[in-house]
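Below is one structure, written out as structure tokens; comments come after it.
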Amino acid sequence: MATLTSTWSGQQLSWMLLILTGIALTQQAAIDKANFYTAGVVEFRRANDDDWRNNYDGYVEIINSENAKATDIIVFPEATLNGLNSTSFVPDPEKNINPCLEDAEFNYYAEFLVKLSCAARNVSKYIVINLSERQLCSDTPEDTRPCAPNGFNVFNTNVVFDRNGTVVSRYRKVNLYDEPRNTTFIPESISFETDFNVTFGHIICFDILFYKPGHELIMDKGIRNFVYPSMWFSQLPFLTAVQTQLGWAYGNNVNLLAAGASRPEVGSTGTGIFRGRDGTIVSTMQAGEGERRLYVAQVPKYDESSKISSKSIGKPLKKTQKTVNSQELKMKRDNLELYETVSLDMLMDQAEDSSLNKEVCHGQICCQFELEWNLIGQEPIANNSYYNYRLAAYDGWRDEKYGNLNYVRNCGIFACNGPNLADCGKLVDKLQPRVAFKRLIIEATYPKSKEFLFMPNSVLDNLLPLEPNQFEWSIEELKDENEQKVRFALAKSLELQNLLTFAIYGNYYDDQCTFGKGTPEQDRECGWKPKGDGASGLRFSSFFLLTLSLTLTILFKQH
């Protein structure tokens, strides 16, 4: 081959290189296309009178829009299609029923279900909707719970149509939030496959705060992509919509397709596509009137060799900020009175320079804060013209009157409208920041538990979170294997003056088998090795004795 090549002219070699380059580029293009899918998520304002026809028309307009043409899958939000007065049966996915072809006269399934099956078929796309489903109680004789007088269970249900309009997946919400709906007798954990080689798991709204089904699908089945219809009610300081969506996707290192109901006047908005440790691909938090809009993005796929990284460090982004006020978006508030808090303003007044280290403890958790700041403007600042901050720690159950509870261990700093704790967890209307943070680090040692998830948790005054290239995040396994050290810090070159929340959110779900919470005997029963049990010393002694024995054997053989 070397001899043959040497006889070619320069022109022949040039043409050969072009051909080979073209082949390589063609192969690369094919590989690139195989490594992503195109998704659309919908921020949707439903009709005020829950008119399903109006909502359906809005759905179909989006499905048939120019913006939707490139998509493989479109996800619509929770509770924006029909209501309790217009429920529908939903086919069992195992029966491969196509409502468009098999019930064209709407004799069994609701008109909107049949027509949306046809819409998916017409555009040849996967369509995910959420609806109020009815099912005869007699269809599940194993469920001995009381049935409604009309003989039906009603579920909050995700339905997936494939490109032919066939119902290929159905998931009934596990964790209800003050909803007049039923749960299944056995909680569901559902996923579905697509023809573009991606398997999706289902979660709906409030599900995101619980182990089942989302985190369970990740741990048990290795699911790395999720559809997430939601009608979220944003809550400061830790649980606004996109803040929570990015944190969950980042903490689990998964793709999340989040579609949000758009009703800012009741606190519902928040739509986005998130790529695990890479952060946001696209997102929005709407204020004012809300919208009906499709957001489209190419989403990289995870291959089987992808591993969840425990550390992420990047360069900060520059963003245009637009403060959201309480007149544009209603906001709920966490019960911060349960937290152990310290006023940062008081600490700053006592500090000799523009930095401090402070520890705040509550229950099992001690949070280490390291801060450095610059004052903004000229001193003195007029009273009540600026917002301030508190450092906080909490180890306990979330105080939530609706739905199930989850146990959290949180370390955070959050903004306040005034000097009292009651002034915290609100939008900072008509107030200016007093400080710009140029260094902000939170560290804490957390106990392991049967089920737990750590998430970076942040939000700015535009109600969007910091991106991974704006912070540092690491989780270190401690030597005793019962605890982990979590560190959350601003990126070194970043300076922030519009921060509302910066926190480590430790979700312990049901708080089962948490190391150190019970007796040493209970720790052993849960599989935790008690501290100082001498096991490491015993292992070292055994290794030393084995090494000594082998050495002596060799010496004796040599003599």
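The values are calculated or read from the model by the stated rules, or taken from the named source; none is laboratory data. Bear in mind the structure is a predicted one, so any value in this text is a computation, not a measurement. Positions of Cβ are backbone-derived with ideal geometry, glycine not excepted, and every protein chain shown enters the neighbour counts. Heavy atoms of the whole protein, side chains included, go into the accessibility calculation; ligands, DNA and RNA do not. Shrake-Rupley method; radii C 1.70, N 1.55, O 1.52, S 1.80 Å.
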TODO: Could you grab me the full set of residues in the stretch 425-444 that are at pLDDT below 95, crowded, with 19+ Cβ neighbours inside 10 Å and part of a strand (DSSP E or B)?
DONE: 433, 435
TODO: Go through the stretch 342-376 and give me each residue that's at pLDDT below 90 and open to solvent by 60 Å² or more (accessible area, probe 1.4 Å).
DONE: 346, 349, 350, 352, 353, 375
Open item on the list: So, residue 110, is that one more than 29 Å from the chain's Cα centre (by Cα) and at pLDDT 95 or above or not?
Closed with: yes
Open item on the list: Condition first: buried (at least 23 other Cβ atoms within 10 Å of the Cβ) and hydrophobic (A, V, I, L, M, F, W, C). Now tell me which residues in the stretch 97-111 satisfy that.
Closed with: 110
Task: In the stretch 44-83, residue farthest from residue 242 (Cα to Cα) [restricted to those that are of a type in the set (Asp, Glu), at pLDDT 95 or above and part of a loop (DSSP other than H, G, I, E, B)] - done: 72
Task: Single residue of 186, 129, 208 found to be assigned to a strand (DSSP E or B) and aliphatic (A, V, I, L, M) - done: 129
Open item on the list: Checking the structure you have, find out if any residue of the stretch 117-126 is open to solvent by 50 Å² or more (accessible area, probe 1.4 Å), more than 17 Å from residue 76 (Cβ to Cβ) and more than 33 Å from the chain's Cα centre (by Cα).
Closed with: no
TODO: Give the residues of the stretch 66-92 that are among the polar types (S, T, N, Q) and within 17 Å of residue 54 (Cβ to Cβ), sorted by residue number.
DONE: 80, 82, 85, 86, 88
Open item on the list: From the list 154, 114, exactly one residue is aliphatic (A, V, I, L, M), within 18 Å of residue 57 (Cβ to Cβ) and surrounded by fewer than 24 Cβ atoms within 10 Å (Cβ to Cβ). Which is it?
Closed with: 114
Task: One residue from 65, 124 being hydroxyl-bearing (Ser, Thr, Tyr) and at positive phi - done: 124
Task: Residue among 406, 417 that is within 25 Å of residue 175 (Cα to Cα), surrounded by fewer than 24 Cβ atoms within 10 Å (Cβ to Cβ) and of a type in the set (S, T, N, Q) - done: 406
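How many residues are of a type outside the set (A, V, I, L, M, F, W, C), farther than 18 Å from residue 108 by Cβ and either part of a loop (DSSP other than H, G, I, E, B) or out of contact with any strand residue (DSSP E or B) (no Cβ under 6 Å at 6 or more places or on another chain) (or both) when one looks only at the stretch 148-164?
Of the residues in that region, 5 qualify.
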Open item on the list: Restricting to the stretch 211-242, name every residue that is over 19 Å from residue 294 (Cα atoms) and in a loop (DSSP other than H, G, I, E, B).
Closed with: 222, 223, 224, 233, 234, 237, 238, 240
Task: Qualifying position, being without any contact (Cβ under 8 Å) to a residue 60 or more places away in the chain, in a loop (DSSP other than H, G, I, E, B) and among the basic types (Lys, Arg), among 134, 145 - done: 145
Task: Scope the stretch 504-525; condition open to solvent by 30 Å² or more (accessible area, probe 1.4 Å) and either touching a residue at least 60 places away in the same chain (Cβ under 8 Å) or aliphatic (A, V, I, L, M) (or both); matching residues - done: 510, 512, 513, 516, 517
Task: Test set (1) buried (at least 21 other Cβ atoms within 10 Å of the Cβ); (2) more than 17 Å from the chain's Cα centre (by Cα) - residue 180 fails condition number - done: (1)
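Results for (1) in contact with a helix residue (DSSP H, G or I) (Cβ under 9 Å, 6 or more places away or on another chain); (2) without any contact (Cβ under 8 Å) to a residue 40 or more places away in the chain; (3) of a type in the set (Ser, Thr, Tyr), shown as yes or no for each residue.
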residue	(1), (2), (3)
460	no, no, no
466	yes, yes, no
473	yes, no, no
478	no, yes, no
486	no, no, no
490	yes, no, no
499	no, no, no
502	no, no, no
- [ ] For the stretch 470-505, name all the residues that are of a type in the set (S, T, N, Q) and out of contact with any Asp or Glu (no Cβ under 9 Å at 6 or more places or on another chain).
- [x] 470, 474, 493, 497, 501
Task: residue 175 being under 20 Å from residue 201 (Cα atoms), touching a helix residue (DSSP H, G or I) at 6+ places or on another chain (Cβ under 7 Å) and either at pLDDT 95 or above or crowded, with 16+ Cβ neighbours inside 10 Å (or both) - done: yes
TODO: Any residue in the stretch 41-56 that's more than 10 Å from residue 293 (Cβ to Cβ) and open to solvent by 10 Å² or more (accessible area, probe 1.4 Å): show its pairings with residues that are of a type in the set (Val, Ile, Thr) and not in a helix (DSSP H, G or I) at Cβ separation under 8 Å, as long as the two are six or more apart or on different chains.
DONE: 46/80
Task: Residues of the stretch 243-288 satisfying the condition of being hydroxyl-bearing (Ser, Thr, Tyr) and in a helix (DSSP H, G or I) - done: 244, 250
Open item on the list: Please go through the stretch 226-252 and give me each residue that is out of contact with any Pro (no Cβ under 7 Å at 6 or more places or on another chain), open to solvent by less than 10 Å² (accessible area, probe 1.4 Å) and under 18 Å from residue 302 (Cβ atoms), ordered by number.
Closed with: 226, 227, 228, 245, 248, 249, 252
Task: Among (1) modelled with pLDDT under 95; (2) assigned to a strand (DSSP E or B); (3) closer than 21 Å to residue 446 by Cα - the single one residue 405 does not satisfy - done: (2)
Open item on the list: Just to be sure I understand, how many residues within the stretch 183-198 are open to solvent by 50 Å² or more (accessible area, probe 1.4 Å) and among the hydroxyl-bearing types (Ser, Thr, Tyr)?
Closed with: 0
Open item on the list: Please determine whether any residue of the stretch 65-85 is touching a residue at least 60 places away in the same chain (Cβ under 8 Å), among the polar types (S, T, N, Q), open to solvent by less than 60 Å² (accessible area, probe 1.4 Å) and under 26 Å from residue 181 (Cβ atoms).
Closed with: yes
